[in-house]
């Protein structure tokens, strides 16, 4: 595995996908938490479509461990050839807080590695290679979203 960020040489713009906007019963408008959840779902759906277009096979989405010592979620687990690829998807609607991929801190990487071990423990198949990718989605207010795929990100 490579410690350097490697950008896939094919970067693609995707048009925004239609999605439901959940409404708060009390206020009749979408709260900040609901907007963040909707944005995250949008990014994960876009990342899933993007990876499947590249030939990745989706194995799990939003996988959670049954182990009480390993809490958290893996956004996407895919197969690319003989490799199992654990993908963290980060979606933002602006660059006000930096690039989406910058949110994958060292502690988040450690957590994803622990969750990946738990996922692999539950599987019957042996894998030749294990890789950790980050999918960055930037959704602008108008125009298509931008997807960046950082292969072997950590």
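Read-outs: derived from the displayed coordinates by stated rules, not from any lab. None of the values given here were measured: they were computed from a predicted structure. Here Cβ is always computed from backbone atoms with ideal geometry, including for glycine, and neighbour counts include all displayed protein chains.
The table for this structure:
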quantity: Cut-off 14 Å, label 7 Å out along Cα→Cβ of residue 122, residues of the stretch 67-99 by amide N; calculated: 67-78
quantity: Calculated FRET value between residue 66 and residue 99, using beta carbons and R₀ = 41 Å, to 0.05; calculated: 0.80
quantity: Ascending count of other beta-carbon atoms within 10 Å, so fewest first, for 78, 87; calculated: 78, 87
quantity: Exposure proxy ranking, count of Cβ atoms within 10 Å, fewest first, for 122, 148; calculated: 122, 148
quantity: Footprinting exposure proxy for 146, 91, 121 (fewest neighbouring C-beta atoms within 10 Å first); calculated: 121, 146, 91
